[in-house]
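The values are calculated or read from the model by the stated rules, or taken from the named source; none is laboratory data. Since the model is a prediction, treat every value here as computed from it, not as a measurement. Accessible surface is based on the protein model in full, side chains and every heavy atom, while ligands, DNA and RNA are left aside. Shrake-Rupley method; radii C 1.70, N 1.55, O 1.52, S 1.80 Å.
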Amino acid sequence: MSPKSKETTKRLASRNIRFIRAAFSIVKRIRITPYSNKYSKKIYTQYQLLVLILFKDYRNQHYRDFIEDVEDMGLVQEELDLSIVPHFTTLQKFFCRIKTLYLRYAFRKTLNLFYCNDDPIPITAIDSSGFTSGYSSHYYSVRTGKIRKHFLKTSISVDTDQQVITGFIASKSRVHDTRHAHRLLRQCHKIRRSDCYVMDRGYDSEAIHRQIREDLHADSIIPIRSWKNEVVGGTYRQEMATEFDEDRYRRRQLVENKFSVLKRKFGGDLKARKFIVQMKEIANKMIVCNIHRFLQFLVTEVFYRALIFENHRTLFLVLVRIPTLHAKVDAE
């Protein structure tokens, strides 16, 4: 193996270990017992299995391929204290068995990695997209005449400063954006308050403006949908037509960037067939995406701190050497 390949392998191993440690610290904080019941074989704890599930989604792999890779990862087995690598069906059955409530708890715990006080978020962006149900190909669906639902509609709220997902909601049917917005606004505002909410014109509704302004006591920035010679109704919609804040509205594109990261890094397909398990898959993607963002933030902060320290050290050496240089010039 070349030195460059060894360095790449070492970097990937350290990245995996960092994710395992971050995920395990979050899983330990949720209200889940070590074993599912007192008659369990007690070979694996629920903490270990849940971390493995999150690690699988982090690597965007199927169960079989993931377990084959874990068998070759001695450091990961040591970190999780695994005496035996579980069979892939063990992870599948555990994921079907675990309650969605525990995944919701884990998602909320990921936000504690970024926020340590009750200060509100300056701007929160909200948008929706779809995750494809990919357990059967479109070709198979056409041949058999059993057309599957193409996607599950998912809406998320994103802190535009930290680029952290602060709330999410998914539905089996293709509902309008405004129906998701009312529930998502209550959810994300309860978890972490925001001073301003920005959305695209698909969310244009006087009821949404009223909920944000009067119930949540925050600012709302939503461009109006209007056609030629149409009278704009509603007090807040008329305000958007006359006094629209373009500077804050530009932050809305960051929620689209977050969807792009979700689908590129962790997959836009859902492997499960049942809707309840698909909802768990979406929750897992949100948890993994926040942990990934935290690891990025951590590495960036450490790098810049080291860079600043190096710059200060260089500046200090220059300042120390200046009097010596002046003395040499004077002597000459």
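Using Stokes-Einstein with the Kirkwood hydrodynamic radius over Cα pairs, what translational diffusion coefficient do you get for segment 47-195 at 4 °C and a viscosity of 1.567 mPa s, in µm²/s rounded to a whole number?
Values: Rh = 18.2 Å.
Once the numbers are plugged in, D ends up at 71 µm²/s.
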Å² of accessible area per residue within segment 65-131, as computed with a 1.4 Å probe and no ligands counted: 51
Residues whose placed amide H lies under 5 Å from that of residue 166, excluding near-sequence neighbours: 157, 158, 159
Segment 159-270, accessible area per residue, ligands and nucleic acids excluded (1.4 Å, Å²): 52
Eligible aspartates and glutamates near residue 42 by straight Cα distance, threshold 15 Å, same-chain separation 8 or greater: 81
